[in-house]
Each structure stands twice: as structure tokens, then as C-alpha cells.
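Beneath this line is the structure, given in C-alpha cells, with notes to follow.
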Amino acid sequence: MAEDLDTSKIKNWRSIVTLIVFIITNTIVLFPFPIPIYVPRPFSNAVLGVLSKLRIIPPRKNGFQPDDQEDHNGKLKPYVRINLPLNFVTAPLIADLFLLAILAIGREEVRGGTLGADNIKPIDIMAFFLSLAYIAISIDASGLIRYLAFKVLQKGGKVGHRLFFYLYAFFFGLGSFIGNDPIILSGTAFLAYMTRVSSNIVHPRAWIHSQFAIANIASAILVSSNPTNLVLAGAFQVKFIEYTANMIVPVVVTAIVLFPFLLYIIFADESLIPLSIKMHELTEEEREKKPVNPNIPHARGRADEQEDLADDEQKLSLEEIMNPFLDKGGAAFGALIMAATLITLLALNASSQNGHEHPVFWVTVPAAVVMLCWDLAFGWYHRRETREIARKGREEIELARAERALRDEEAMRAPHIAEAYEFTESTEARLQRQPHTEPCTGEGNTADVTSIRPPDRASTGFSSQMSDGQSQTLASPLESSISTLVPRDDRLQNGQLTTDAMSMLDEKQELSTSAPRELSGATSSLEMDVERRIFSEKVSHEVASGNGREPVTLVSLAADMYRWSQETFPTATAVVSHMPFALVPFSFAMFVLVQALVTKGWVPVFAHGWDHWVNKTGTVGAIGGMGFLSVILCNFAGTNIGTTILLSRVIQAWKQINDENGTFIGNRTFWATVYSMAIGVNYGAFSTAFSASLAGLLWRDILARKHIRVRSLDFARVNLPIIAISTAVGAVFSLIIINKAGGLIYQREFQPGLRKLSTNDYLVLAGTFHGVHAITRSITPKIPVSTPLPTTSASSSNVALSSPSGTSTPTPAAPAYSLPNPGVPVTGLESLETDKFRLTCFQTLTGTKFLLFTDPLMANIEVVMKKIYELYSDYVMKNPFYQLEMPVRCEAFDRHLGGWLRGRT
């Protein structure tokens, strides 16, 4: 890979194009849009005709779709518009194909981006992630997550803050075990339903945003919980148990610190998290009803058709959360398989020797196959029951749709019926006032209204006289549907129905009214009208199609096979339909693009820039800089997966640059950078854009299906304080000030966490540290210099010694040594770090030392120390009553120091 570190390649035009394509691709991933493609109509018709002849698609009844194929003049457009979507799947693929076409990338980049290079093996990562995702989503499909959430809801009761804490802890614990995707799949829908059935939760913002944030935070603990962790562990050959051991403390601390901020600051409004939640209750009958398996198509029957209606929406939401479905066998077996898989992974990964690790998907793929076999066997065993449920539900949906259509039709006809009533009553009253005469039956005259009006107005219709003397018949719903059976030419003749048309109508009416009555035996007039309508529509469809069925095509076969699989294997089909298969082409394409940046010299350029930053800022700057950079790039580098791929390559190149230059990167600095990136790419998923992670896109789509719209601006506004708190977690435990003689002059504790010491212990600590600091300052190593140091005249006069013979013998010059930075004053011990705290020392020019005890992961300690020294100068050194080198007893210093540190945390 030595040639990959050559930065002179960036001057080549293909290298420049590669960088531009990478930037454009990431921009499209952030802001997807369709590209219209205009195809000539004859060509489109020819292609569709060939597909229809080959029985791939159904026969075309019309030559065009009626939506946008006509222009403003009513003429047929000469082209057909096809929208090509540019999104996170298509954009990287098109970018790779373009770079291949211009020979910017070749076999090396494609191989490295698929089979792997430099310890990153994309194909192994995808096999591991998809197999583990199947197990997790299968557990979700069994209803376990919703059932456990329901139990948490019961445990939390109606106390708002307690329920918020229980759900927060539940999603954190479960997310650290099975990852963020299953939590978002089930938890988001559960919270949407829960907040909807509550009468005093104004908006679900607090619940859904907190769930999304804590699910992504929890996914940082285990390598298996997130594909970004898999990329990072593979790139730097991190053992799974070591990764978890290093990540669990900052992640748990983040979750603990974030909770009070969410509850009391960010979502402090009582309308978001009420003190007491008022929930609607199910009736006894609904509570005793058997839960419905949501994986079976049309399982809820009529309820599926009415889900969008406002009257039924609350009832359906209440049934979803208060009477959840649970497949106990599938849930128990899935949890057992997941636990066994994770334990086996941790054990094998921890026991394997470097260079002899087996691919992790050797464990997860067999486990996923076992889970799939369970789902298939369980579905086949209960196939008769699930098929019967699906059939009944489908019939209920057809009946519900017919009823809705009938109600809509009657609502549209209601004004005309009212006018007909008024006209009929006025006509009858006028005829009663006039003497009875024989009606004229001559040709061209219309019959009297009372002579043709049927006796049953509600069922057969009404007649009204128009202004031109003709009569207009307002047909009943039954007649309106049957009238489609009558040929158009025979329907009207001079404004009246002909004898043939009337006889055909009588026959059709008799047929359509008798057949449903014999089939159903229904007593309700509404059901009778609905059944008549269904029957008449079936008859009209058969008449229109010549009593023939459409030929079987490849599309219809695929649809029938999918419906058959849903009804026979509901769980397996639901799991496969929710699998993140779109992640596969996206990840492979992004791996290839980043590999192109490596071979074209751009990643080494980024690595040199990062090396310059670390040299200037040290370990603390590496932690803070990488954390900030990874969070920001999640929004602009093709989701957090693309960011992890890019930054892993940059850190690998950074280490190789230092190895070739003979410089040394401390383990502390290197691994602090790696784990800071791990935290950043997980926390960056809930930053400012939905596309910062694929989980964000899934979360937004689930909420949209539940009629909850989250705007991009609101998403960024709510998440910015959350991500700021999560990435700035750190605590100042204690401050000690020592005078130049080693005496303790100030000590104060700000946060619990350190062991309590007595006053005498602090005096001993101050004196001991003063001595150690002086020793470390005196033993600062000196390095030899290439040129000898200048000598004085006195020493030059004694450069030779006289021998007994009178000749002089030259004296060998002493080797020359110098400090590493002669212009910088020598300092002593500056930092001491343990796994529990970090001790940082700052010595002033007068010899006063400030010892600051902080959290090991706290960033920007130099800024904190600088502010403490400023407060010390303002309120201690400027105090006219303070004596130098004496204990500090200044109330103003204590007050401002404590207030500033509290405000910072």
C-alpha cells in the first residue's frame, strides 16, 4: 500500500473527477430526487406490447394512462415520462459505473470495495449483518417487543415521568442487545399508538425523539448492534469483548446524563410529558378478544379498510397497544437463538489468536438459517388457520369497500333526491286541485309523473320533469349499477326507454334482485343493497369482458405467489419484507467509492491533515476533533456507514504515514481516536438530517404511515441539544492548588466519584506531587546533537596535554546534548491518567500548580484550566486582602468557579 500514500496523484484529472463524483453522490444521498426520462410513445407502446405478448405484464386495455398523457389541447403527447429515482441506492451505483466508464477505477478498486482490503471485508460484514438482522427482525415479528413494551406500560402506570423513565430504560437495554433497527421498527409504531390514545399528550415529539436517540446510543455497545461497529472492528482488528469493554462506560454515562436533560430541560413542557397520563380504556369485550397476528394479510378484516377513518383510528390504536399479539413459541425460540449467537461470537472472538480469526458470519449465518427453518415450519403447521383468517378478512374488506362506495354514492345523490321529493309533492298537490282527465298517450308526449312513479320511492328511485318537457329518472343504487348492463344504443330513444331496453332492464333487475337474496338471505336493507351492488358489478364485469378471465402473466403469478406466502408463512414473509436489503448495494458501492479515494491519493491527503491536527492538539484534540468530525460527516458523507468507511481509511493511512516516517503514535492517542469515531458515528445518527443514518429514514417512514409528520427543521432543532449533550459528557471532580513551596492552599470537590480523603491526606498528596513534579522536571531526557556545542576561551586553552616528550596530545571532545525543544522551558509531570479519572497539572510562571481531577473522556480540558486560572487571577490575585502563598479563602472565587462549572455541565 506504499504507492497508495502518494499524494501527487491528486493532480491527475481522473483523481479530481473522482473527488467531485464522491461529493455529488453524498449530496444526492442527502437530498434524493427523481430524474424525468422522456421515451417516444411508439417505442414505449412497442415495448409494453412485447411484454404483454410474452405474458410478462397484463394485456393493455388502453393505449395510455389518463393521468398526464394529454396536453392542454387534449392531444395525445408524443412521449411518455419515466421518473428515474436518484437516492441512496441508485446514486452510488451510477457513480461507480461512471468512474468505471472513464477508467478512474478498475479491478483493484472494485475488488477492494467488495471482497475487501486492509482488514475491511465488505462481503463478510454484509453476511454477518443480514444474518443477524433476520434473527432480530424475526423476534420483532413474533410480537415480543410490543408485548414487552405493553408490560412496561402497565408497570409504569399513568404517572408520566415514571412511564417515560421505564420506556427510556427499556429501549436502552433492549437496543444494546438486538440493535437499533428492531427497536425502531416496533418501538416507533408502539409510541405513535400510545400517544394517540392518550387524551392529554398534545404531541408525541418527546417520546419518539427520545426513543430514536436512545436506540442509536444503545447500539454503540455491541459490535453486532450496528453495521458501523462492524466496519470499525474489522478495520482495526478489535476484538468484540474489548470493543464492548471500552464503549460501555461512555455509553452508559451518556444515557444517564441525557435522561434528566430530556425530561426537565428539552421536553419540560407538561403537554409533552404530563405528570399524569389519561389513557382510554378497552371494553370488556374488546379486552377478551383474541389478539390479531399483524403478519397475516387482512387479519383485522374490516378494520384494515377503516384504519384511516378518524372515528376508528383511536380504537385501532388502543387495540394495538392494550391487546398486543405475541407468538410465545417464536419469541422464546428467537430470544434463545439470539442469546446463543451473541455469546458464541464473543467467546470465539475473544479466544481466537491474532491472524487466525474465523469469519464471524460462520456463526451468524447458520443461526439465521435455523431461525428461518423455524419460521417456515411454524407457518406450514398453522397454514390452514392463517389461510382461513386471511380469507375471512379479505371478504370483510370487499364488503366494507362496497358499503363505503354505496354511502358515497347516496351522499352525492341526496340533494337530487330531496329536489325530487319536493317536485313530486308539489305535482301531487297541483293535480288534486285540478279535475281528473285522461292522460294523453300520443307519440311524442310524456307520461304523467304519477303514472310512472314506482310505489316505493326509497328503493326504486324518483322521476322529475325537466324544463324541456322530458322526464328524468333518478334511479336507485341498484338501477344505477344495473343500467351499465344495458347497451348504450338501446338505453334512450327520444328521451324514453324503448320496449326492448325496458324488458332487458326488467330481466336484469329480476336477476340481480333474486340472486343475492337466494345466496345470502340477508334481512338488512343496507346489506341487501350492498350485496346487490357486488353481484351487479360482477355481472357487469363478466358482460364487459365477454365472460372471460385475463390470461395469467408473470406479474400476476408473482402477486399470487406473494399472497400465498403471506397466508402460508406469515412470519417468514414479514421478516423478509422488512430486511434491510437496500443496505447491500449502498454499502458495496460506497466501499468502492472510498477505495477509489484511497488509490487516487485523496485519503492520504486527509490523513496528512489529520496528522497535523493531532500534532498541534495532542490526545485531547484527537478525541474532540474526531468526535466532532464524525458527527458532522454523518450528515454529509453518505450516512454514518459512509462516514465510518471513509474515516477508517483515513486513520489507517494516518498510522501508516507515521510508521513510514519513523514517528510514533502513542497507543493512547490512536485508540482514543478510534473509539471517539465509534461514539461519533453512532451518535451522529440522530443529529441534523434524516439521512444521517438508514435508521433515520426508516424512522421517518414509519411515522409517516402513522400520520405523524416530522419536518427536517424540527428534526434538527430537537436533536441538536441532544447530540450536544451526548458528545460533551464529562465531569470535573476536584481542584487542588499548590503553592511554589509545595503547600496546599486550595481544595474543593465539584462532583462525586472520587474517594473521600481527609485534610491530612490532601496535605500529603500536595507535598508528594510537588516532589514528583520536580523530579520529572529534572530527569527530562536530552538528545545528542550533530554539531558540537561552542566552547569558551578558557576551555579552549586546555585542549591539549603535554607529554613527557614535550609533544601535545589532543583531548577528545565531550559529546554534545540538548533538550528536545531548547526554546521551550522544561516542564514536569503534566498529566496522569487512570481508568477512573485523569489528573491534569498546570504550572504558572511563578510556580503555582493547579491540579484538576476530571473524567478520563472529558474533552477540552485546556479550556477549563484556562478559565479556572482566569477566575483565580481576577478574584484571588486581585484581592487586596489576599496574602501570596497563603490558603485561598475568597468567597467570590468560590462562587464564580462553582457557577461556571455547573453552567458548563
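The values are calculated or read from the model by the stated rules, or taken from the named source; none is laboratory data. Treat the numbers as computed from the prediction; the structure is a model and nothing was measured. Every residue, glycine among them, receives a Cβ derived from its backbone with ideal geometry; neighbour counts consider all protein chains shown. The accessibility values were calculated without ligands, DNA or RNA, using every heavy atom of the protein model including side chains. Shrake-Rupley method; radii C 1.70, N 1.55, O 1.52, S 1.80 Å.
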| query | Given charges of +1 on the Cβ of Lys and Arg and -1 on the Cβ of Asp and Glu, with all other atoms neutral, how large is the dipole of the range 603-717 about its Cα centre, in debye to the nearest 20? | reply | 560
| request: With a probe of 1.4 Å, find how much accessible area the range 12-113 has per residue, and write the answer as a whole number in Å². | output: 66
| note | If each K or R counts +1 and each D or E counts -1, the residues other than PHE164 whose Cβ falls under 14 Å of its Cβ total +2
| Sorted by mean Cβ packing within 10 Å, highest first, what order do the peptides 153-164, 168-179 take? | 168-179, 153-164
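So what's the net charge close to GLU833: Lys and Arg +1, Asp and Glu -1, counting the other residues with Cβ under 12 Å from its Cβ? Let's see the in-between values first.
Values: positive: ARG668, LYS836, ARG838; negative: GLU830, ASP835, ASP855.
That sum, taken over residues with Cβ under 12 Å, equals 0.
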| query | For ARG717, what charge total do you get from the other residues with a beta carbon under 12 Å from its beta carbon, if Lys and Arg give +1 and Asp and Glu give -1? | reply | +1
| Simple spin-label model, 7 Å along Cα-to-Cβ: ARG107 to SER556 in nm? | 4.9
| remark: The set of residues whose placed amide H lies less than 5 Å from the amide H of GLU833, leaving out same-chain residues fewer than 5 positions away, is LEU839
| Inter-label distance for LYS155 and LEU884, nm, one decimal - labels placed 7 Å from Cα along Cα-to-Cβ | 6.3
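Rank by packing, highest mean first: peptides 557-564, 381-388, with packing defined as the count of other Cβ atoms within 10 Å averaged across residues. Let's see the in-between values first.
Details: 557-564: 12.0, 381-388: 14.0.
Most protected by this proxy first, the peptides run 381-388, 557-564.
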| said: Out of the trypsin sites (Lys or Arg not before Pro) in the range 611-717, which ones are loop residues according to DSSP with at most 14 other C-beta atoms within 10 Å? | reply: ARG709, ARG711
| request: Provide the descending list of Cα extents for the range 12-113 along its principal axes, expressed in whole angstroms. | output: 53, 34, 22
| request: List, in order, the whole-Hz ³J(HN,Hα) value for each residue of the range 260-265 obtained from phi through the Karplus relation with A = 6.51, B = -1.76, C = 1.60 and θ = phi - 60°; use x for Gly and Pro. | output: x, 5, 5, 6, 10, 10
| query | Roughly how many percent of the accessible protein surface of the range 12-113 is carbon and sulfur, given a 1.4 Å probe and a whole-percent answer? | reply | 68
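Please give the peptides 99-108, 578-587 ranked by average Cβ packing (other Cβ atoms within 10 Å per residue), highest first, as a rough proxy for protection.
For the peptides 99-108, 578-587, the packing ranking is 578-587, 99-108.
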| task | Within the range 865-905, report the trypsin sites (Lys or Arg not before Pro) that DSSP leaves as loop and that have at most 13 other Cβ atoms within 10 Å. | result | LYS878, ARG889
| About its Cα centre, what dipole magnitude does the range 12-113 give when the only charges are +1 on Lys and Arg Cβ and -1 on Asp and Glu Cβ, stated in debye to the nearest 20? | 480
